[in-house]
Amino acid sequence: MRYQQLGEFETRFLQFLEVPSQPEKPLRFKIVTYSLASEPKYNALSYCWGDPTPGSPIEIDGRLILVSKNLETALRNLELELRDLLWVDAICINQNDLVEKTHQVGRMDRIYSQAHRTIVWLGPEERNTQHAHTFLQEIYANRGTWSRISSLDFRAALRETSYPLRSVRGLYELYTKPYWQRVWVLQEIANSRAVLVRCGSLRFSLGGLLGCYEHVDDLPSHNHSLMVAIERFGREESEAQRGGLRITLMQALIRSRYSLATDPRDKVYALLNLTRDSKDLVPIPSYQEPVEEVFRKLSMRFLRSSQPIGAILLFLWVPLRIRFPSSPWWAVDWADLAYNTPLWLASNLESGNRILGQNTTFEQPRFSSKSIRLRGRGRPLGTVLGTSEHSSPDFRAMTVIHGLNTIMGMNVISTHLLHHFSPRNFNEETTPTIELSIALARMMTLDQEIWGSFSKEHYAKEFSKYVSELKFESHTTKDWAVRFLSYIRLSDMFTENQLVGDCNTGSPTGATEIYSSQIPRNAAEAIGQATMTKVQRTTGRIMSMAVQSCDSRSICPTDLPTASRRLTHLLDTYRQPSLAALRIWYELFSSLDLSPEYRLKLASARYGDLTIIVVVPHGTEEGDEIYELDYCQFPLVLRKRSTGEFNIIGESCIGKDANGNWTAAENCWWLDKNSDSQMQSLSLVIEEG
């Protein structure tokens, strides 16, 4: 096919001439050229190229040319009228002229926004497409607008429709069509003034389709993400037309990471007209430059921007040199973000940049062959005390932890774990903290009686081992658990009315001596009456300890048989921790996948007087520091060098959100968010390897 050179504002259109009566004969068109400034009336086609091998003939200007089967099927089913104008990228752009292709790509937003209508071609109908079409018509029959459908309304409509299973299956077939995976779809739909969706002979409303995808339960996560991206880009572009602010290119690249492109450069170019900073980062899109050069330049511009941290973290996870070995070590493969970017990093980069304190920016970085140096501002969040890799200290050599402290310590450990990694299960009203602490302690000490009640215990038990090796207030959490359980056993032997008598009379020795070392020499001095009241209120079991001086080897007055009977009775209760508490920990441990491919581990860290439990990168060591930086959505682990500079180890404080998805802690919940008194200038060093 011969193409004439286009003017500055010109583009080509297909003009429809004839649909032959015999389906085996080719469609007939001619090419016409118009300036977009003249505002011609035309439709734009949005479709999936499918198999790029040309195999179906159509006639253009009297010549037969071969196009993809999917395009020929779309043209034959669009019900065009004579003289209608249609813009189709594969034909209206000279795909062999890289200069023209670059110029026309820059006009894509205008081409689709000026179109009378954009026709989306999903492909031919499948087995249940008709049922999905009927179901959507029934849902929206009395609504007037194609808006999002509530779960309640969706379920009610399913009960009313004739074929509910086929209807849902038909929706699944529609949402998993290859069309939605095209990265160019994001711009084509977002820029369009009106959209008509075609699947075979059926017509759908885009609003109707976008209103129901949330209710198809077995929709794969990446297909769900594609629908979310299409919906959000469309909404944001509408707001931008009314003066709203578009998202950044970094946010767009992360949001569209599951979209596909035949040309890797299109993973970037398809987003330029949807973002506010694209002119600074990609001044002129070019198909004449190789992929690796386009991605190298984009990486460099991100690193030289005022917000370089996102690009720094991404090249640690998705380096370009894996695909192009000669690329610089700091370059990012922007076409390979989908399955190589951890979910916590992706979710936080997409949510945007956060400014701490005053509005400052990172200084221009200094590049060398092996390192990048830059200066910015941040504030400390804590110092790493130890990680789950390190061996536990000798339990016998540990400092005595008084009874009250063991309760408070285990409660703090339980609270931190639940608050950070399982917020939807963190409800002290339904499951008291003390019950959770008892269950956690039993699980961390690998109590076979407890673990034996769960059929799928292997991974949960593995994670509990990680937890038990953490340091907390100079001791491992397992040490806390052992002492805590010993104290619970001891304190459960008594009731408030039975703790009477003369402590100086002594007590039997023998079986009870195993717990004697757990009792403070002076209970009143070690615990205190005010705190005693708190203990009673918190545990509901631990009654008044002796308020008189007790010998360290005595258990307040009772005879050995009576003590044994009471101990036996209370241990029966102890042996059956709350099933609800056990279930919470089991589900938490089973779901917290410290996946080997993500190289994560648990760590304890100190912030002021508070010890916290976090997830950190595998390379984290004792003494590393956790900082929150300007223009970074989550804390980072840094390692101070002898020069006073800091190396970036990776993201920290990673947990799960209320929906069970991995996410970095956008705000450290233990920190005073409103204080910027600790903001300080930092010199960062990122080194190759």
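The values are calculated or read from the model by the stated rules, or taken from the named source; none is laboratory data. On a predicted model such as this, the values are computed, not experimentally measured, just so you know. Heads up, the Cβs are rebuilt from the backbone with ideal geometry, glycines too, and the neighbour counts pull from every protein chain shown. For accessibility, only protein heavy atoms count, side chains too; no ligands or nucleic acids. Shrake-Rupley method; radii C 1.70, N 1.55, O 1.52, S 1.80 Å.
Details
- Taking Lys and Arg as +1 and Asp and Glu as -1, the other residues whose beta-carbon sits under 13 Å from that of Ile626 total -2.
- With R₀ fixed at 45 Å, the C-beta to C-beta distance from Thr53 to Asp609 puts the FRET efficiency at about 0.10.
- Dipole orientation for the range 57-140: of the candidates Leu64, Gly123, Ile111, Ile111 has the Cα lying most toward the positive pole (charges on Cβ; Lys, Arg +1; Asp, Glu -1).
- By accessible area with a 1.4 Å probe, ligands and nucleic acids excluded, highest first: order of Tyr339, Tyr175, Tyr598, Tyr586: Tyr339, Tyr598, Tyr586, Tyr175
- Placing a label point 7 Å from the Cα of Glu8 along the Cα-to-Cβ direction, none of the residues of the range 261-297 has a backbone N under 16 Å of that point.
- For the range 1-101, convex hull volume per residue from C-alpha positions, Å³: 102
- Extension gain, Asp218-Gln364: 0.36 nm per intervening residue step, less the Cα-Cα distance, totals 47.9 nm.
- Area of Lys30 that stays accessible when all protein chains are in place (1.4 Å probe, Å², to 10): 70
- In plain terms, the chain from Arg76 to Val228 could stretch by 51.7 nm, reckoned as 0.36 nm per residue minus the Cα-Cα distance.
- For the range 169-288, the equivalent ellipsoid derived from the alpha-carbon gyration tensor has semi-axes of 26, 16, 13 Å in decreasing order.
- Measuring with a 1.4 angstrom probe and ignoring ligands and nucleic acids, Phe324 comes out at about 50 Å² accessible.
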